[in-house]
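Asks: Got a structure for you, written out below as structure tokens; questions coming shortly.
The values are calculated or read from the model by the stated rules, or taken from the named source; none is laboratory data. Bear in mind that the values here come from a model prediction, so they are computed numbers and not experimental data. Note: ideal-geometry Cβ built from the backbone for every residue, glycine included; neighbour counts use all protein chains shown. When the accessible area is computed, the model is the full protein with side chains, heavy atoms only, and any ligands, DNA or RNA have been set aside. Shrake-Rupley method; radii C 1.70, N 1.55, O 1.52, S 1.80 Å.
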Amino acid sequence: MSEYYMITENFMNNSSSIVIDDRSEYFEDIDNPIVSIASEIISYEEESIKNTKDFHFFGEIYCNDEIAMILSKYNPYRLSMYPSKLDDRKGYNILSLSNMLSCADLNKSEIISNPFYPGQNKVKVMELYLDIKKLASIPKYKRQMFVISEAHDRVIVSKELGKDLLEYLSKNSNSSLMIKPISEDGKVPELF
């Protein structure tokens, strides 16, 4: 069994689009974390597509209560959970993860400046490897769930958390959650 898993949205199994009017209530700047919010965050489905499933990733994670409960069982470092209503339906959460670990193996990875955004600090990840030895030196509580700082669109979870999410997937075949194992040499799978 893999030591780490990448989690993402299965875009091939999900055709919904979620809109949140005002992200300022919960958006976390790493230097200025949000402590609390006034109420549930209201989100909306794009009118032409009304088919929201259990997991979405758009910078933050948008998931149902069951996935949020699995994640919260591990109390991931710097993960904030906010209750959300989708239109008039309860049972969703916005998860803001600000645990960024610099853990890419830059000798093996191929990360280039994105040519579509000249002059900006945007990258294109051609191939990505985790530095497994460097990760092993980081306290376990920080490795339960994290974002790779060299590739902000990659969310990684521990073996234990990944196992529980895989169990959830085995019971929810129509899920939009995708879990991919990180290989023993640290190779992070493609997003798509």
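Asks: Would you call residue 141 in contact (Cβ under 8 Å) with a residue 12 or more places away in the chain and assigned to a strand (DSSP E or B)?
Replies: No; evaluated as a whole, the condition is false for this residue.
Asks: Shifting gears a bit: Kindly provide the set of residues from segment 75-115 that are in contact (Cβ under 8 Å) with a residue 60 or more places away in the chain, on the phi < 0 side of the Ramachandran plot and open to solvent by 50 Å² or more (accessible area, probe 1.4 Å), ordered by number.
Replies: 77, 100, 108
Asks: Here are some residues: 142, 187, 163, 108. Which one is of a type in the set (D, E, K, R), out of contact with any strand residue (DSSP E or B) (no Cβ under 8 Å at 6 or more places or on another chain) and at pLDDT 90 or above?
Replies: The unique qualifying residue is 163.
Asks: Within segment 72-115, how many residues are part of a loop (DSSP other than H, G, I, E, B) and over 14 Å from residue 143 (Cα atoms)?
Replies: Adding up the residues that qualify gives 10.
Asks: While we're looking at this one, here's another question. Exactly one condition in (1) out of contact with any Phe, Trp or Tyr (no Cβ under 9 Å at 6 or more places or on another chain); (2) among the hydrophobic types (A, V, I, L, M, F, W, C); (3) assigned to a loop (DSSP other than H, G, I, E, B) is not met by residue 191; state its number.
Replies: (1)
Asks: May I pose another question? Check residue 118 against each of (1) in contact with a strand residue (DSSP E or B) (Cβ under 8 Å, 6 or more places away or on another chain); (2) without any contact (Cβ under 8 Å) to a residue 24 or more places away in the chain; (3) farther than 20 Å from residue 58 by Cα; (4) outside any helix (DSSP H, G or I) and name the one condition it does not meet.
Replies: So residue 118 meets the others, but not (1).
Asks: Please go through segment 52-110 and pick out each residue that is among the basic types (Lys, Arg) and closer than 25 Å to residue 130 by Cβ.
Replies: Those that are among the basic types (Lys, Arg) and closer than 25 Å to residue 130 by Cβ: 73, 78, 108.
Asks: Name the residue, out of 163, 180, that is surrounded by fewer than 18 Cβ atoms within 10 Å (Cβ to Cβ), among the basic types (Lys, Arg) and not in a strand (DSSP E or B).
Replies: 163
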